[in-house]
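Just below is one structure, and these are the notes that go with it.
The values are calculated or read from the model by the stated rules, or taken from the named source; none is laboratory data. Since the structure is predicted, the reported quantities are computational estimates derived from the model, not experimental observations. With ideal geometry, Cβ positions are generated from the backbone for all residues, glycine too; neighbour counts draw on all protein chains shown.
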Amino acid sequence: MKKGAFITIEGCEGVGKSTQTAMLKDYFESIGCDAMFLREPGGTEISEKIRSVILDTSNEGMSGICEALLYSAARAQLIEEVIAPALLQGRIVVCDRFTDSTFAYQGCARELGEEVITRLNDIACCGITPDITIFLDLEPEAAFRRKGGADADDRLESAGIDFHRRVYDGYLKCAAAYPDRFKRIDASFDADTIHNSIVKLLKTAGVV
Ligand code: TMP
């Protein structure tokens, strides 16, 4: 087994992140690798509380900058309490969403811009950046079709197709800006094919 690594999984709503995260967890267990699996926003008691405020549909008046600060606050807590200590111990940490989500959703879809998000991420992350980002690439129209529509109980998910188009464009900007760590996986295939591509990618990167 190789040394620890920080892996993030990104993509639009309904691209199969949860399915792939669960399959990856099973895979790591099957090879005897003690990887830690987290989700953002969340992963600590405080961050989960912040998550419920962010996603609550009754908070429809929340401003874009308030939203971005809350995601950053949840992240700061997760990093200090969980991610930084785990990486220091040399563990593999897999996080469902991270800073690229803030860039795509708040920076691009909410139109706060790159500079604001970079500043927030710098403050929240204390220099911690992903070694590899697995981008499950599927356009939002196709993803929602496959998922059977947006979840009306989720404030972000129900934001409308134009919003999710801007999210997708934001991810494409990340792909262009970080070609070394941002690895695109075609998420239009079936779950097993996507999983095999992810494992191949991690093997090539020397993580497993
Ligand atoms: P999830 O549905 O993948 O659990 O993510 C929760 C929602 O939060 C999803 O709509 C994406 C959104 N999100 C942001 O808008 N900015 C962020 O920084 C993160 C981590 C998630």
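In the set Val94, Val82, only one residue is outside any helix (DSSP H, G or I), among the β-branched types (Val, Ile, Thr) and either modelled with pLDDT of 95 or more or buried (at least 20 other Cβ atoms within 10 Å of the Cβ) (or both); that residue is Val94.
Just one of (1) modelled with pLDDT of 95 or more; (2) over 14 Å from the mean Cα position of the chain (by Cα) fails for Lys183. It is (2). Name the single residue that is farthest from the ligand (Cβ to nearest atom) among those in the stretch 163-185 being over 14 Å from Thr133 (Cα atoms) and among the aromatic types (Phe, Trp, Tyr). Applying the filter and picking the extreme gives Tyr168.
Of the listed requirements (1) out of contact with any Leu (no Cβ under 6 Å at 6 or more places or on another chain); (2) assigned to a helix (DSSP H, G or I); (3) buried (at least 19 other Cβ atoms within 10 Å of the Cβ), Ser72 misses just one: (1). Would it be correct to say that Gly113 is without any contact (Cβ under 8 Å) to a residue 12 or more places away in the chain, more than 9 Å from the ligand (Cβ to nearest atom) and under 20 Å from Gly43 (Cβ atoms)? No; evaluated as a whole, the condition is false for this residue.
Could you go through the stretch 135-147 and let me know if any residue there is in a helix (DSSP H, G or I) and more than 30 Å from Phe189 (Cα to Cα). No; the residues of the stretch 135-147 include none that is in a helix (DSSP H, G or I) and more than 30 Å from Phe189 (Cα to Cα). Of everything in the stretch 85-99 that is near the ligand (Cβ under 8 Å from one of its atoms) and touching an Asp or Glu at 6+ places or on another chain (Cβ under 7 Å), the residue that is nearest to Leu156 (Cα to Cα) is Arg97. Kindly evaluate Leu38 against the criterion of being within 30 Å of Asn196 (Cβ to Cβ), touching a residue at least 24 places away in the same chain (Cβ under 8 Å) and assigned to a helix (DSSP H, G or I). For Leu38, the condition - within 30 Å of Asn196 (Cβ to Cβ), touching a residue at least 24 places away in the same chain (Cβ under 8 Å) and assigned to a helix (DSSP H, G or I) - is not met. Inclusion of Ala104 among residues that are surrounded by fewer than 17 Cβ atoms within 10 Å (Cβ to Cβ), closer than 25 Å to Leu201 by Cα and not β-branched (Val, Ile, Thr) is not warranted.
I'd like the full set of residues that are surrounded by fewer than 19 Cβ atoms within 10 Å (Cβ to Cβ), more than 10 Å from the ligand (Cβ to nearest atom) and under 15 Å from Glu157 (Cβ atoms), limited to the stretch 1-56. Across the stretch 1-56, the qualifying residues are Ser52, Asp56.
As a summary of the residue check, Ile132 satisfies the conditions (1) of a type in the set (A, V, I, L, M, F, W, C); (2) in contact with a strand residue (DSSP E or B) (Cβ under 9 Å, 6 or more places away or on another chain); (3) touching a residue at least 12 places away in the same chain (Cβ under 8 Å); (4) over 21 Å from Ala22 (Cβ atoms) except for the one numbered (4).
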